[in-house]
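The values are calculated or read from the model by the stated rules, or taken from the named source; none is laboratory data. Just so it is clear, the model here is predicted, and its values are computed rather than measured. Neighbour counts run over all protein chains shown; Cβ positions are idealised from the backbone, glycine included.
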Protein chains: 2
Amino acid sequence: MPVMVAGVGMTKVGSHWDKNIIDLMLEASLKALEDGNIRELDAIVVSNMVADWLITQSNLASYLMDYLGIRSYGVRVESACGSGGMGIHLGYKLVKSGARNVLVVGVEKLTDTLTPDNTSAMMLADDWVVGFNMGSTFVSLNALALRLYLDTYKVNHEYIMMFPVICRDHAIFNPYAQFRRKITIEDVKRSPLIADPLHLLESSAYGDGAAAILLSRNKGDVEIIASEISHDKISLSSRENPLILKAVKEASYKAYRSANIAPSDIDVLEVHDAFSITGILSLENLGFAKLGEGWKLVKNEEIRLNGTLPTNTFGGLKARGHPVGATGVYQVAEITLQLRGEAGDNQVDGAKVGLAENIGGIGTSAIIHILRKI
Amino acid sequence: MPVMVAGVGMTKVGSHWDKNIIDLMLEASLKALEDGNIRELDAIVVSNMVADWLITQSNLASYLMDYLGIRSYGVRVESACGSGGMGIHLGYKLVKSGARNVLVVGVEKLTDTLTPDNTSAMMLADDWVVGFNMGSTFVSLNALALRLYLDTYKVNHEYIMMFPVICRDHAIFNPYAQFRRKITIEDVKRSPLIADPLHLLESSAYGDGAAAILLSRNKGDVEIIASEISHDKISLSSRENPLILKAVKEASYKAYRSANIAPSDIDVLEVHDAFSITGILSLENLGFAKLGEGWKLVKNEEIRLNGTLPTNTFGGLKARGHPVGATGVYQVAEITLQLRGEAGDNQVDGAKVGLAENIGGIGTSAIIHILRKI
């Protein structure tokens, strides 16, 4: 039984101090329901990482159903930064098991929170004994990975900094993007070192946002042809080689196999570039470049809209933004717009097949979706 | 395709100051895998409500998979106090959509936590604007419901207090129970008034615990013949009649219909008696008594092991314990033991069909499972 994307909806990513988490969920949900012209749902899946911790609100699926006024049932899933992709996977499985229409809503409220410490909040994704309690943060861990990459492969850091520079260019025409101002390599270099050698503009920012997609077994013209997941050790310190994203490697391998395509068939790509280095490692571990050579795709500007591998075509995590639990849903919504030919100024000509890579924790889990225009 | 319970595993409920949340999950998981004699899993679902808030640990499915060393994929679901039942529902759907073996693990760590305020933690399940922020607690809300019940139906409070008294009797022979000491009506009356008219011994306590069940499409001799969910308004203040658990009423109606049985066919029952009044309301809204008459089943001791409706046969939430996200899994594990004839001193003779009622929030959602010995 095919699983189609029948509708999408997004809020702008940013500091929504005038909106509660329920407002964000409702805005994205109603847009997706209107886009898909569907009024009856069999289930709602809400993807969220840290509303419990930051705004003392859990039970989000019941909360949304109450305000949405739709009779159905709902569940919230959490899988750290991969919550969005995981929610889509479960929605996909619910359709496979007989549901007609399932709404998947990713949401995160990271600004205007009761607990202002977002950096700690993100570390809830790691093993608290060896991570949170030891004072490591995702910024410091990714800085270590970047340092190791630069030293191992003797790469000019500027080629890695170009990743966010290009993604920012893509966000200029995205009305939902958090950052729509162009930046240069010089801007990245001049931005504060937040954990040597990582600069501020190499890191995604905190933003609020919600995205929704409507999955259906008989409506829509974009099909999910693969939904695959793999896991790695939860902590970076347990891995043999921190530059290999084993979960990404395995999940994408399974996805290519289940969709019966090769990486070269991908017309449009969304990677989970929480940090510049994560973007590069993703290109490599998804099979688009050899290990240690992902930066070449960036240096040669192949990841631009008119390149051979258009990547993060609406800005990715550092420009569209990274409202954590919502990110995986934004990615699939954006690919849907591309495949429908509704990406406006960001349209990749003739895009037929797209891949979204969503990561939970520091490479702990990877959720890969491949979509195709039918 | 039938969905069977192929294995169960539980930890004792209590104050496990010597065990981290991963220890609890592992203990229950390994027992269930051994009980089912299964080594390969297609998915793991972890049910948990508040580890984020209380012990700064999310991403529990990845965490468990890392330590369990099983190649598969995992997701954590949260649906307040109904997380356990919701996890079972999703595991059930995963089997329906093609998975062979799915492990569902419910876990909660409520003692020895970083944030000692469990009473606030529970309120994350309510709408934070009208609940948490206004200072209401689940204790005070349930005290209001109890007061309304006593006034509306002119019932002697002692008949409601008998509910926990009988449940405590059932826990005496349960090695996994939190409280195994017999209590009397006099004990309940003498216990502190925690929110007038509710006494301490009418409320479930905080305890740590984990329970696991292994779902399979071809192993085991206990079948899940219904898995149904309904939702109500998230907050008690929005409901027309707080004494009607609409979610329980609707979900159980759907479950009876889908299993093609009547309430009178149920041989063994587990209800979500977070408070004495919740136990009574559950009996009524599940269809075992008319509204306002649930207390009669208790007064007449019909809910005892040798009564016409053996209920909470291992002690229920107030004696076995209520490790929130794990409770729904304990319930189904206990019913499985009854149907297998492995309930020891708590065995209900000839039990063939059992029902488990798990509630999320203050009646916000209800997850009903009906199981049958094949």
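Some notes on this structure:
- Filter pass, B:G69 being within 11 Å of chain A (Cβ to nearest Cβ), of a type in the set (G, A, S), at positive phi and touching a Lys or Arg at 6+ places or on another chain (Cβ under 8 Å): no
- Subset tally (residues that are surrounded by fewer than 24 Cβ atoms within 10 Å (Cβ to Cβ), within 9 Å of chain B (Cβ to nearest Cβ) and in a loop (DSSP other than H, G, I, E, B)) for the stretch A:74-104: 3
- Total residues in the stretch A:226-257, condition touching a residue at least 40 places away in the same chain (Cβ under 8 Å) and over 19 Å from A:N142 (Cα atoms): 11
- Boolean, A:L124 is at the interface with chain B (Cβ under 7 Å from one of its Cβ atoms), touching a residue at least 60 places away in the same chain (Cβ under 8 Å) and not in a loop (DSSP other than H, G, I, E, B): yes
- B:L24 more than 8 Å from chain A (Cβ to nearest Cβ) and more than 21 Å from the chain's Cα centre (by Cα): no
- For A:G354, the requirement of being at pLDDT 95 or above, closer than 30 Å to A:K109 by Cβ and within 11 Å of the chain's Cα centre (by Cα) is not met.
- The selection criterion, being away from every other protein chain (no Cβ under 14 Å), closer than 17 Å to B:T278 by Cα and among the small types (G, A, S), holds for B:S140.
- Candidate set: the stretch A:105-148, residues that are among the polar types (S, T, N, Q) and over 24 Å from B:T113 (Cα atoms); chosen: the one surrounded by the fewest Cβ atoms within 10 Å (Cβ to Cβ): A:S140
- For the stretch B:30-60, residues that are in contact with a strand residue (DSSP E or B) (Cβ under 7 Å, 6 or more places away or on another chain) and either under 20 Å from A:S237 (Cβ atoms) or of a type in the set (D, E, K, R) (or both) total 7.
- Residue match in the stretch B:56-64 (condition: assigned to a helix (DSSP H, G or I), under 25 Å from B:V271 (Cα atoms) and free of Cβ contacts under 8 Å to residues at least 60 places away in the same chain): no
- Entry remark, the stretch B:27-55: residues being within 14 Å of another protein chain (Cβ to nearest Cβ) and either in contact (Cβ under 8 Å) with a residue 40 or more places away in the chain or in contact with a Lys or Arg (Cβ under 9 Å, 6 or more places away or on another chain) (or both) number 14 in total.
- Every residue from the stretch A:105-121 that is more than 9 Å from every other protein chain (Cβ to nearest Cβ) and either at positive phi or of a type in the set (G, A, S) (or both): A:G106, A:D112
- Strands (runs of 3 or more DSSP E) completely within the stretch A:169-235 that count 2 or more residues being over 24 Å from A:A343 (Cα atoms) and more than 14 Å from chain B (Cβ to nearest Cβ): A:193-195
- Qualifying residue in the stretch B:229-236 (condition: closer than 20 Å to B:K373 by Cβ and either buried (at least 21 other Cβ atoms within 10 Å of the Cβ) or within 15 Å of the chain's Cα centre (by Cα) (or both)): no
- When A:I185, A:I160, A:I166 are checked against the criterion of being more than 23 Å from the chain's Cα centre (by Cα) and in contact (Cβ under 8 Å) with a residue 12 or more places away in the chain, a single residue qualifies: A:I185.
- Selection of the stretch A:168-196 for residues being closer than 22 Å to A:E302 by Cβ and in contact with a strand residue (DSSP E or B) (Cβ under 8 Å, 6 or more places away or on another chain) yields only A:V188.
- Here the condition is being touching a Ser or Thr at 6+ places or on another chain (Cβ under 6 Å), modelled with pLDDT of 95 or more and away from every other protein chain (no Cβ under 14 Å); of B:L297, B:L283, B:L309, B:L269, it holds for B:L269 alone.
- Residues located in the stretch A:236-260, provided they are in contact with a strand residue (DSSP E or B) (Cβ under 6 Å, 6 or more places away or on another chain) and within 13 Å of chain B (Cβ to nearest Cβ): A:A247, A:E250, A:A251, A:K254, A:A255, A:S258
- Restricting attention to the stretch A:88-117, the residues that are farther than 20 Å from A:A32 by Cα and under 21 Å from the mean Cα position of the chain (by Cα) total 2.
- Among the candidates B:A319, B:A333, the residue that is crowded, with 24+ Cβ neighbours inside 10 Å, under 17 Å from B:E202 (Cα atoms) and of a type in the set (G, A, S) is uniquely B:A319.
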